[in-house]
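Each remark here refers to the structure printed beneath this line.
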Amino acid sequence: QNDTEPETSEVFMSLQYEWSHHDVAFSLDNLQLSHIPYKPDFINFFDALKSKSPVISIADDLSESARKFPKQMEIQSSVVMPVFVRSSFWGFLSVSDCRSQRNWKGDEVDAIKTISVILGAVIQHYQDQEELTIARLQSEESDRLKTSILANINHELRTPMTGILGFSEILANQLNDC
């Protein structure tokens, strides 16, 4: 998942979710895979993904600096597909082979692309649900405040009105007696 540093607008990537074969080391708890800047080592990677292009690579073909993370995770080859949410580059889905350096088939790349599009739609749906929940809670709070204000106004108006009506009744009775 991408995140942007507010002061510098620099974009970072962080490993959020991972599924791997039981023979492959789990990397999610590795703090070195969190808040990784795209610049300078991964700027080409960022530009390709942001333009909705996949990055298909073999670890040994990467530059020395870009090879650092795949080697750390024992990745031999990978397909990295961008994930877009509301037309914004949210992050990416990476499918890797940790056993062999191989050329990915077109059908495999197409399937990974389909999964990344579905993933983007699921993330958007989840974000929409969160926004709706927040809006509903705010609406309920507004309704509660409106009801409270109207009850207070009703009380504040009724109290003097009761006195005015009572006083008017006394005056009317006195005028009728005269």
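The values are calculated or read from the model by the stated rules, or taken from the named source; none is laboratory data. Please read all numbers here as calculations on a predicted model, not as lab measurements. Positions of Cβ are backbone-derived with ideal geometry, glycine not excepted, and every protein chain shown enters the neighbour counts. Heads up: the accessible areas ignore ligands, DNA and RNA and are worked out on the full protein's heavy atoms, side chains in. Shrake-Rupley method; radii C 1.70, N 1.55, O 1.52, S 1.80 Å.
Within the range 67-79, is even one residue within 19 Å of the chain's Cα centre (by Cα) and either open to solvent by 40 Å² or more (accessible area, probe 1.4 Å) or at pLDDT below 90 (or both)? Checking the range 67-79: not a single residue is within 19 Å of the chain's Cα centre (by Cα) and either open to solvent by 40 Å² or more (accessible area, probe 1.4 Å) or at pLDDT below 90 (or both). Kindly establish whether Leu49 is part of a helix (DSSP H, G or I), under 16 Å from Ser14 (Cα atoms) and not acidic (Asp, Glu). Taking the combined requirement at face value, the residue satisfies it.
I'd like to check something: does the range 73-86 contain any residue that is farther than 18 Å from Ser14 by Cβ and part of a helix (DSSP H, G or I)? No: zero hits.
Determine, yes or no, whether Ile153 is open to solvent by less than 90 Å² (accessible area, probe 1.4 Å) and either free of Cβ contacts under 8 Å to residues at least 24 places away in the same chain or more than 20 Å from the chain's Cα centre (by Cα) (or both). Yes: the conditions hold for Ile153.
Out of the residues in the range 52-66 meeting the condition of being not aliphatic (A, V, I, L, M) and not in a helix (DSSP H, G or I), tell me which one is surrounded by the fewest Cβ atoms within 10 Å (Cβ to Cβ). Within the range 52-66, the match that is surrounded by the fewest Cβ atoms within 10 Å (Cβ to Cβ) is Ser63.
Could you list, in sequence order, the residues of the range 83-97 that are open to solvent by less than 50 Å² (accessible area, probe 1.4 Å), in contact with a strand residue (DSSP E or B) (Cβ under 8 Å, 6 or more places away or on another chain) and either of a type in the set (Ser, Thr, Tyr) or touching a residue at least 40 places away in the same chain (Cβ under 8 Å) (or both)? Val83, Phe89, Trp90, Gly91, Ser96, listed by residue number. Within the range 105-116, residues that are of a type in the set (D, E, K, R) have Cβ atoms under 7 Å from residues that are in a loop (DSSP other than H, G, I, E, B) in these pairs: Lys113/Pro54, counting only partners at least 6 apart in sequence or on another chain.
Within the range 114-141, restricting attention to residues that are of a type in the set (Ser, Thr, Tyr) and under 15 Å from Phe84 (Cβ atoms), the residue that is most open to solvent (accessible area, probe 1.4 Å) is Tyr126.
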